[in-house]
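*Asks:* I'd like to ask some things about the structure below.
The values are calculated or read from the model by the stated rules, or taken from the named source; none is laboratory data. Predicted, not measured: the structure shown is a model, and the values here were computed from it. Every residue, glycine among them, receives a Cβ derived from its backbone with ideal geometry; neighbour counts consider all protein chains shown.
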């Protein structure tokens with residue numbers, strides 16, 4: 001537990017925990033009701049944001065071509081290669097023809113992973 005406590009009044013406090021801030025306090029007593037209520041609200045997206053940044057290619061200097069649309073290329077390949085062969089249609093699979101081998105980036109990935117902590 002952390003030591004940060006913010007007291008709103010005699011009945012409501014906020015306490016900082018490892019998971020974020022938690023509100024606590026007493027509810028109005030109702031002698032006919034024995035229910036216990038627990039509420040959770042999560043606003044901190046730091047873990048999600050960190051993972052998103054980790055997997056973004058732009059941070060490595062790799063940017064998507066704004067003029068390249070994979071769906072359009074797949075549709076063009078489909079239109080160009082579709083054939084009717086007796087009882088069925090035959091279409092060429094849309095593989096990249098001019099691919100280039102990627103460089104080894106293990107050391108970069110390892111360093112980025114270690115920087116998460």
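*Asks:* Might you check whether a residue that is touching a strand residue (DSSP E or B) at 6+ places or on another chain (Cβ under 6 Å), under 30 Å from residue 4 (Cα atoms) and at pLDDT below 70 occurs anywhere in segment 27-42?
*Replies:* Taking segment 27-42 and keeping what is touching a strand residue (DSSP E or B) at 6+ places or on another chain (Cβ under 6 Å), we get none.
Checked segment 27-42: no residue is touching a strand residue (DSSP E or B) at 6+ places or on another chain (Cβ under 6 Å), under 30 Å from residue 4 (Cα atoms) and at pLDDT below 70.
*Asks:* Part of a loop (DSSP other than H, G, I, E, B), touching a helix residue (DSSP H, G or I) at 6+ places or on another chain (Cβ under 7 Å), more than 30 Å from residue 5 (Cβ to Cβ) and at pLDDT 70 or above - does that describe any residue in segment 68-91?
*Replies:* yes
*Asks:* Same structure again: May I ask you to verify whether residue 59 is assigned to a helix (DSSP H, G or I) and modelled with pLDDT under 70? Working first, answer last.
*Replies:* Details: assigned to a helix (DSSP H, G or I): yes; modelled with pLDDT under 70: yes.
Against the criterion (assigned to a helix (DSSP H, G or I) and modelled with pLDDT under 70), residue 59 qualifies.
*Asks:* While we're on this one: Evaluate the following for residue 8: is it touching a strand residue (DSSP E or B) at 6+ places or on another chain (Cβ under 8 Å), farther than 30 Å from residue 116 by Cβ and modelled with pLDDT of 70 or more?
*Replies:* Numbers: touching a strand residue (DSSP E or B) at 6+ places or on another chain (Cβ under 8 Å): yes; farther than 30 Å from residue 116 by Cβ: yes; modelled with pLDDT of 70 or more: yes.
Considered against the rule, which asks whether it is touching a strand residue (DSSP E or B) at 6+ places or on another chain (Cβ under 8 Å), farther than 30 Å from residue 116 by Cβ and modelled with pLDDT of 70 or more, residue 8 comes out as yes.
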